[in-house]
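Everything below concerns the one structure shown next.
The values are calculated or read from the model by the stated rules, or taken from the named source; none is laboratory data. Keep in mind it's a predicted model, so treat the numbers as computed, not measured. Because the Cβ atoms are built from the backbone with ideal geometry, glycine has one as well, and the counts that use them run over all protein chains shown. For accessibility, only protein heavy atoms count, side chains too; no ligands or nucleic acids. Shrake-Rupley method; radii C 1.70, N 1.55, O 1.52, S 1.80 Å.
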Amino acid sequence: MVEKTLAIIKPDAVKKKAVGKIVQRIEEEGFSISGMKQLHLTKEEAEGFYIVHKEKSFYGSLTDFMSSGDIIVLVLEREDAIAHWRKTMGVTDPALAEPGTLRHSFGFSVERNACHGSDAPETAAWEIDYFYKKP
Ligand code: IDP
Ligand code: MG
């Protein structure tokens, strides 16, 4: 089924100038880019985006990191976009991510792991709305 997912190129990857390589990979994987913008989140915006993790020990550090620099927010579309993008990224911890995945190639730590992807249709819809809802 053709579906949409929300992807973010995180501040660590933007700082190391990996945006071009990651966008190239997105296109090579057959995604259509139906939205793409550069943002610098406030701490409050990062907290809102990661609200599901608010009880986690890493919530404060994660939202500091996510508001520490520019990010690229994309809406990606293809067959099985959600699962395919998560496979392309690799698992959360770059040290455990398979060679060839984006997190293996560009991630630095379990927190600074280069990219984000929605994990289910409901969260994809919520996350796309978070960044692309028409006023
Ligand atoms: P995911 O991004 O692979 O879906 P989640 O468990 O949803 O992983 O966590 C969201 C983000 O929070 C991760 O991408 C990572 O940046 C950060 N994170 C997850 N687990 C940890 C941790 O144990 N320590 C620090 N940061 C973490
Ligand atoms: Mg997640």
Total charge of the residues flanking Glu3 in space, meaning their Cβ is under 12 Å from its Cβ, with Lys and Arg +1 and Asp and Glu -1, is -2
Label-reachable residues, the range 88-124, where backbone N falls under 19 Å from a point 7 Å from Asp64's Cα toward its Cβ: 108-114
Dividing the helical contributions, -39500 (n - 2.57) per DSSP H run of n ≥ 4, by the residues of the chain yields a 222 nm value, nearest 500 deg cm²/dmol, of -11000 deg cm²/dmol
Using a 1.4 angstrom probe on the protein heavy atoms only, line up Thr5, Thr123 by accessible area, largest first. Thr123, Thr5
Over the Cα atoms of the chain, what is the Rg over Rh ratio if Rh follows Kirkwood? 0.93
For Cys115, the net charge from surrounding residues (Cβ-Cβ under 11 Å; K, R +1; D, E -1) works out to +4
√(5λ) per eigenvalue of the Cα gyration tensor, the range 14-64, largest first, Å: 27, 13, 12
Filtered hits (lysines, Cα-Cα < 19 Å from Lys56, offset >= 8 within chain) -> Lys43
Gaussian network model of the chain, Cα within-10 Å springs - most flexible of Leu76, Leu62, Leu102: Leu62
Please report, largest first and rounded to whole Å, the three semi-axes of the ellipsoid equivalent to the range 88-135, where each semi-axis is the square root of five times an eigenvalue of the C-alpha gyration tensor. 26, 11, 8
Surface per residue (accessible, 1.4 Å probe) for the range 44-85, Å²: 46 Å²
How much net charge surrounds Ala83 when only the other residues with a Cβ under 10 Å from the Cβ of Ala83 are counted, with Lys and Arg +1 and Asp and Glu -1? -2
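On the protein heavy atoms, probe 1.4 angstrom, tell me the percent of accessible surface of the chain carried by carbon and sulfur.
Carbon and sulfur: 55 percent of the exposed surface of the chain.
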Under 19 Å from the Cα of Lys134, which lysines turn up, not counting those fewer than eight places away in the same chain? Lys4, Lys37
Work out the length of the dipole vector of the chain about its Cα centre, built from +1 on the beta-carbon of each Lys and Arg and -1 on the beta-carbon of each Asp and Glu, and round it to the nearest 20 debye. 420 debye
Give the residue from Ala124, Ala81, His40 lying farthest towards the positive end of the charge dipole for the chain; charges sit on Cβ (+1 for Lys and Arg, -1 for Asp and Glu) and the dipole is referred to the Cα centre. His40
